[in-house]
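Working notes, beginning with the structure itself.
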Amino acid sequence: MTRPAARPVVPDVDLTPDAIEAGSLVGRPVLVLGLARTGLALARFLHDRGADVTVYDRKHASELTSAIEALEGRSVRLALGPEVDVAGLASGASLICFSPSANPAFPTADETLRAALAPHLARDADGAVDLAPCVSEPDLFLRLCRVPTVGVTGTKGKTTTSSLAAALLGADPVHPVTLGGNIGSPLVEWALELDPDARVVLELSELQLPALSRGTTVAAYTNVTSDHLDRHGSLPAYRAVKRRLAELVDPDGALVLNLDDPVVASYGALGTAPSVLYRLERPTPGGLGVVDGWIVAAGTERLPLAGGGRAVTGPAGRIMPVNELAIPGRHNVSNALAAIAVALLFGVAPDAIRRAAAGFRGVEHRLETVAVVDGVRFVNDSQGTQPDAVAAALRSFERPIVLIAGGRDKGVDLTALGPVVAERAAAAVLIGESGPTLASLFRAAGLRRVERAATLDEAVATADAVAREALAAHEGRPGALATVLLSPAAASFDMFVDYAARGAAFRAAVAALAARRTGGGSRP
């Protein structure tokens, strides 16, 4: 009986920085999944290091004109369109690299892609040495990065915390800071070019965490509640994904954990690295908290790479008064505690932390004040896609508040949001696919006024009119403002390409409304 010939072993590509600089990618066939921002960065990096790169995307070339132009003439093979044989492409590759959004392990990924690449994802567990391994962009970056890294994750607050942590670390002029990951630009293209004294802050979402094989020097958590169940199937599965960063953290680094969140607080028991705990009250030993209106540290220790020993603070551990923070809301005090803990771990001086934190004005699409038009403040919280985030946003401003919400349902239980909306909002203006569901939820909770709008422009105009009616009842309060708050409690994909496009459309609608007004004005 003739045995079938054994399939050839696919030699592993050495993905250490020294090996890649020595040419380990030269001539190796590499398949990149996706030609969006991250896929572009991968394709350019791998090509420039000598790999023979093929990029697969389900879209046709006519839909990817700008992305193809961004390849800047590189000799990259394009395999575009849903009819492409992905399995055939994968069988000829030595390495498969993917953007987290194109992760074939997710049930939301294209079925053909999942079927073709499932054996490659299980390669190591199954010992299938004839198949190319799969590596995500953030994992490749961490394999190549030679400088200390800070990974920030959580259900909500991670973008603000990442951005603030980068701003605080940047207050030390000796160590340049790069911010990336789920925010800003993919960093793989610069992994081998970073200044040896640099620090890197990575926002890491549930998209990026499952494919990591390497951890960060410091892992900072904001909270872990419930989100993206469409991708992960259940709350325990989502929590398992979030826990991944804590499991992989550098043992010589640190975990920065929110003691006010029971899920996050439990990660301290993993014993993977020393923990710095923070909470919105008096700190525990070694941690951070709030005492008499001041953010204080209770003997926080610096990282060994920063010299070790107790971090320098002001008298009684003081860092700064809470009321100097420019970002609104109690939840942002918690985010600031996490970022300040990161800065102390790296030895940033307390006066530098205070100046940088007081000067931090937040980030786009997270409680971003767009304008104040004749007494109505317009706030862009387009990233408010999860009920806890919307509730926190509603609690960040004085009444009256008119909420604009709605979009594509994310499969998250919104029941607890109804009472908060009824308590804090004067009205809600609802858009998108989930508008009818939210209308029923909010009315059942006791909200008296609910309006519908077909477009975001219409929603802004309606919310403005309702806010002015509500403001009239507060004329006796000097300097009173009404707030129109875009915090959708839903994804954007029914009406916009992403949350940023939704936020940009909100800003444009507000600008158009301000321009139509006569005898009034707007200010940022």
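The values are calculated or read from the model by the stated rules, or taken from the named source; none is laboratory data. Keep in mind that this is a model prediction, so the values were computed, not measured. For neighbour counting, all protein chains shown are included, and Cβ atoms are generated from backbone atoms with ideal geometry for every residue, glycine included.
Numbers at a glance
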{"item": "Test for Ser205: is it closer than 21 Å to Thr155 by Cα, surrounded by fewer than 19 Cβ atoms within 10 Å (Cβ to Cβ) and either modelled with pLDDT under 95 or assigned by TED's automatic domain parsing to the domain that holds His120 (or both)", "result": "no"}
{"item": "Region 1-25: number of residues that are at pLDDT 80 or above, over 28 Å from Leu113 (Cβ atoms) and either out of contact with any helix residue (DSSP H, G or I) (no Cβ under 6 Å at 6 or more places or on another chain) or in a strand (DSSP E or B) (or both)", "result": "6"}
{"item": "Some residue of region 238-251 being assigned to a strand (DSSP E or B), touching a helix residue (DSSP H, G or I) at 6+ places or on another chain (Cβ under 7 Å) and surrounded by 22 or more Cβ atoms within 10 Å (Cβ to Cβ)", "result": "no"}
{"item": "Residue satisfying condition, being at pLDDT 95 or above, among the aliphatic types (A, V, I, L, M), under 25 Å from Pro148 (Cα atoms) and surrounded by fewer than 19 Cβ atoms within 10 Å (Cβ to Cβ), within set Val312, Val322", "result": "Val312"}
{"item": "Near pairs, Cβ below 6 angstrom, 6+ apart or cross-chain, from region 304-317 (in the same structural domain as Asp252 (by TED's automatic domain parsing)) to any residue that is among the hydroxyl-bearing types (Ser, Thr, Tyr) and modelled with pLDDT of 95 or more", "result": "Ala311/Thr300"}
{"item": "Tally of residues being of a type in the set (D, E, K, R) and either outside any helix (DSSP H, G or I) or modelled with pLDDT of 95 or more (or both) across region 459-487", "result": "3"}
{"item": "Top-ranked residue in region 260-299 [being among the β-branched types (Val, Ile, Thr) and touching a Lys or Arg at 6+ places or on another chain (Cβ under 7 Å); ranked as modelled with the lowest pLDDT]", "result": "Val263"}
{"item": "Options Ala352, Ala273, Ala336: the member that is touching a residue at least 24 places away in the same chain (Cβ under 8 Å), part of a loop (DSSP other than H, G, I, E, B) and in the same structural domain as Asp197 (by TED's automatic domain parsing)", "result": "Ala273"}
{"item": "For Leu169: the one exception among (1) modelled with pLDDT of 95 or more; (2) under 22 Å from Glu21 (Cα atoms)", "result": "(2)"}
